[in-house]
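Below: one structure, written as structure tokens.
The values are calculated or read from the model by the stated rules, or taken from the named source; none is laboratory data. These numbers come from a predicted model, not from an experiment. So basically every Cβ, Gly included, is an ideal-geometry build from the backbone, and we count neighbours across all protein chains shown. For the accessible areas, the whole protein counts, side chains as well, though only heavy atoms, and no ligand, DNA or RNA atoms are used. Shrake-Rupley method; radii C 1.70, N 1.55, O 1.52, S 1.80 Å.
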Amino acid sequence: MTIVPKPVHVELKDGKFILDAETRLIAGADTAPVARMLAQKLSPATGFWFRQVEEVIPGQKCIVFHLDQDLAIPGLEGYRLTVQPDIVTISARSAAGLWHGAVTFLQLLPAAIFRQAKMEGITWSAPCMDVVDYPRFGWRGGMLDCARHFMPKEFVKKYIDLLSLHKMNSFHWHLTDDQGWRIEIKKYPRLTEVGAWRKQTLVGHWRENKDNPRYDGKPHGGFYTQEDIREIVQYAAERYINVVPEIEMPGHAQAAIAAYPELGNLSDRLEVFQTWGINPNVFNVEESTILFLQDVLTEVLDLFPSQFIHVGGDECPKQQWQESAAAQKRKHELGLKDEHELQSYFIRRMDTFLTEHGRRLIGWDEILEGGLAQNATVMSWRGEKGGIESANAGHDVVMAPNTYTYFDYYQVSDPVGEPLAIGGCIPLEKAYLYEPVPKEISPEKVHHILGVQGQIWTEYLPTPKAVEYMAYPRMSALAEVAWSTADKDYSDFLKRLKSQLERLSILDVNYRKVS
Ligand code: TNX
């Protein structure tokens, strides 16, 4: 078998289907876009046109797309794929399901199908089979931090395309942090004029350079215009991927404060942060700051149709609030007990705002401290504890624990010879064997585990190549955690991964070799 993530059910049959120059795609108005996406993938290497027509012509090879609301498959994203000598049929209850079926079909063809120019002398055959397949989880995510290091638009699209080739359906886009603000906001142009650029960057690992930091002396930055963002969101949608934007608050805010000092707690002027680690410079808790951030969110909502909007919430040191007379005054006026409650107040205001606009707030598990906002969904990153607590309390959860899904961590226990990374160690096997439903969650609350997500933080990953090295093949393993059934067989995964790595090589993905 050559399919990653592993399908739920496959029955091999005799014979094969061979794509030829006359092969037609059979699609109606409702399935034309997904047929066109498949044609885009099949055309370059085969050199065939794949004309789209509405009816099967007897005797002519065809790939049929069939939307069928009554298909007896769990959930909306599953599909049925039947490959017969003359006809391939993909049926599903949604266009997304059809796309997942099309991706499986691509994986039945020679890996050369992913080449970007006509390849002579290849027979484009797929073995006959019947596949019935559907995902275990509804949230199958990959995160990319474009704040610590700006990633070019073309690479963001490649990252999304790779997720979609793994049947993932969510791209979490980390757009703001201490070291850079990457999203154009029309009302507040200084966020990108000032906040998108830092003078220089720390050299080496932060922990080793705390006392005597060295900097590279090279300016770094960049941002996505609103039109770039619309393009990327649409590009993702065409691949059945939802983009969840993250605007960090109240911590990880130094770039925004550098742009608009009135958002901070100190009178000194700050620059965009040039080093890593937890940063004391957080947003103040003034009403004007909350309204500023709601203005930002208003533009974000216009750009991102996503139901979920991520507001960060992690790693917000409380020291500046403790020392600020204004923050203390606010705390007393609001009748709050401590600074954790102040953070909860802040997040609740965003929760109310997003709820009023028909969206849902999601945040890192620190949003639990000081009381969780009513409608909030929690992304559990400090291990699984926050996820367990939230699910048991009836909140939805996305599992993203740093113990299994932080792909900025090393991939081997002895990192000699590996490029510098933040630390930790999550080998491929550990990523593959992750079980996202902890036993501590009571059975009637298990449905609150929406799914699972892999994280790429980029403090030490300055380039797309560096990102790819850390993301793959661990993201392939995570895709299987997210999609396939809970029974795991690592050696079987490794066999199938070989085919996937062949494809990734052709797609010029700088994955880490599997040893
Ligand atoms: C913790 S995860 C962070 C990030 C860092 C990451 C590095 C999270 C919510 N906060 O700001 O980039 O660790 O692994």
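Using the Cβ-Cβ distance between Cys425 and Tyr490 with R0 set to 22 Å, the FRET efficiency works out to roughly 0.80.
Treating each Cα of the stretch 97-163 as an identical point scatterer and summing with the Debye formula, the log10 of I(q)/I(0) at q = 0.19 Å⁻¹ comes to -0.98. In order along the stretch 61-69, the Karplus-derived 3J(HN,Hα) couplings, from 6.51 cos²θ - 1.76 cosθ + 1.60 at θ = phi - 60°, round to 4, 8, 10, 9, 9, 9, 8, 9, 4 Hz, and Gly and Pro are given as x.
On full extension of the chain, what length is gained from Asn375 through Lys186, given 0.36 nm per residue of separation minus the C-alpha to C-alpha distance? Don't jump to the answer; show the numbers that get you there.
Details: separation 189, 0.36 × 189 = 68.04 nm, distance 2.86 nm.
Here the segment from Asn375 to Lys186 would lengthen by 65.2 nm.
The ellipsoid that matches the Cα gyration tensor of the stretch 471-511 has semi-axes, each √(5λ) in whole angstrom, of 19, 11, 7, with the longest given first.
How large a share of the accessible area of the stretch 361-436, in percent, is made up of carbon and sulfur atoms when the probe is 1.4 Å and the other protein chains stay in place? For the stretch 361-436, the apolar C and S fraction of the accessible surface comes to 53 percent. Remark: the stretch 372-385, residue by residue, has Karplus-estimated 3J(HN,Hα) of 8, 4, 3, 9, 6, 10, 10, 9, 8, 10, 7, x, 9, 3 Hz, where x stands for each Gly or Pro and the curve is 6.51 cos²θ - 1.76 cosθ + 1.60 at θ = phi - 60°. Axis angle, to the nearest 10 degrees, between helix 32-46 and the longest C-alpha principal axis of the chain: 70 degrees. Name the residues of the stretch 1-34 whose amide N is less than 13 Å from a point 7 angstrom out from the Cα of Glu502 along the C-beta direction? Only 1-4 pass the distance filter. With a Förster radius of 22 Å applied to the beta-carbon distance between Val416 and Asp314, the computed FRET efficiency rounds to 0.10. Annotation: amide H-H contacts under 5 Å for Lys13 (H modelled 1.01 Å from N, sequence separation of 5 or more, or interchain): Cys128, Met129, Asp130.
For the chain, take the alpha-carbon Rg, divide it by the Kirkwood Rh, and send me Rg/Rh. Could you put the intermediate results ahead of the total?
Values: Rg = 23.9 Å, Rh = 24.1 Å.
Rounded to two decimals, Rg/Rh equals 0.99.
Model label points for Glu154 and Asn212, set 7 angstrom from Cα along the Cα-to-Cβ axis, are 4.1 nm apart. Our note on the geometry: Cα centres of the stretch 205-239 and the stretch 251-268, 19 Å apart.
Top to bottom by accessible area (1.4 Å), largest first, where do Asp178, Asp70, Asp161 land? Don't jump to the answer; show the numbers that get you there.
Working: Asp178 0, Asp70 135, Asp161 25 Å².
Reading off the accessible areas and sorting them downward yields Asp70, Asp161, Asp178.
I need the shape label for the stretch 268-358. Rule: rounded when a/c is under 1.5, else prolate if a/b > b/c, else oblate, with a, b, c from the alpha carbon gyration tensor.
Details: a/c = 1.99, a/b = 1.29, b/c = 1.55.
Note, shape of the stretch 268-358 comes out oblate.
When the pairs Lys16/Lys495; Lys13/Lys167; Lys41/Lys157; Lys16/Lys118; Lys186/Lys218; Lys430/Lys488 are compared against a 18 Å limit on Cα-Cα distance, Lys16/Lys495; Lys13/Lys167; Lys16/Lys118; Lys186/Lys218 fall above it.
Which order do the peptides 95-105, 362-372, 403-413, 20-30 take when ranked by the mean count of other beta-carbon atoms within 10 Å per residue, highest first?
95-105, 362-372, 403-413, 20-30
Rounded to the nearest 10 square angstrom, Cys425 shows an accessible area of 50 square angstrom against a 1.4 Å probe.
Computed from Cα positions, the angle between helix 226-238 and the longest principal axis of the chain comes to roughly 40 degrees.
Residues within the reach of a label modelled at Gln200 (point 7 angstrom out along Cα to beta-carbon, backbone nitrogen below 11 Å), restricted to the stretch 242-281: there are none. In this structure, Leu12 and Glu356 have a Cβ-Cβ separation that, at R0 = 51 Å, corresponds to a calculated FRET efficiency of about 0.45. Under 1.5 on a/c is rounded, so check that first for the stretch 1-147, then, if it is not, pick prolate when a/b is larger than b/c and oblate when it is not; a ≥ b ≥ c are the square roots of the alpha carbon gyration tensor eigenvalues. Cα axes put the stretch 1-147 in the rounded bin. Given +1 at the Cβ of Lys and Arg, -1 at the Cβ of Asp and Glu and no other charges, the dipole of the chain around its Cα centre is 1000 debye to the nearest 20. Based on the alpha-carbon gyration tensor of the stretch 163-227 and its eigenvalue square roots a ≥ b ≥ c, which shape applies: rounded if a/c is under 1.5, prolate if not and a/b is larger than b/c, or oblate? Judged from the Cα gyration tensor, the stretch 163-227 comes out oblate (a/c at least 1.5, b/c at or above a/b).
At a 1.4 Å probe radius, which order do Met119, Met129 fall into by accessible area, largest first?
These residues rank, largest area first, as Met119, Met129.
For the set Arg360, Arg115, Arg182, Arg36, solvent exposure ranked by accessible area (probe 1.4 Å, protein chains only) runs largest to smallest as Arg36, Arg115, Arg360, Arg182. In percent, what relative contact order does the chain have, based on Cα pairs under 8 Å that are 6 or more apart in sequence? Once divided by the residue count of the chain, the mean separation gives 15 percent. Per-residue 3J(HN,Hα) values for the stretch 283-300, derived from phi via the Karplus relation 6.51 cos²θ - 1.76 cosθ + 1.60 with θ = phi - 60°, read 4, 7, 10, 5, 4, 4, 6, 4, 5, 4, 5, 5, 4, 4, 4, 4, 5, 4 Hz in sequence order (x marks Gly and Pro).
Please compute the length gained on full extension between Ser515 and Tyr260, using 0.36 nm multiplied by the number of residues separating them and subtracting their Cα-Cα distance.
Values: separation 255, 0.36 × 255 = 91.80 nm, distance 4.89 nm.
The span from Ser515 to Tyr260 would gain 86.9 nm if fully extended.
What the Kirkwood sum gives for the stretch 325-458 is a hydrodynamic radius of 16.6 Å, with every pair of different alpha carbons counted. List the lysines whose Cα lies under 19 Å from the Cα of Lys337, skipping any in the same chain that are fewer than 8 positions away. Here the lysines satisfying the reach criterion relative to Lys337 are Lys318, Lys329. Each pair of Cα atoms in the stretch 422-509 enters the Kirkwood radius, and Stokes-Einstein at 20 °C and 1.002 mPa s then converts it into a translational diffusion coefficient of 146 µm²/s. Where only DSSP H runs of four or more residues are counted, the chain gives -9500 deg cm²/dmol as its mean residue ellipticity at 222 nm, each run worth -39500 (n - 2.57).
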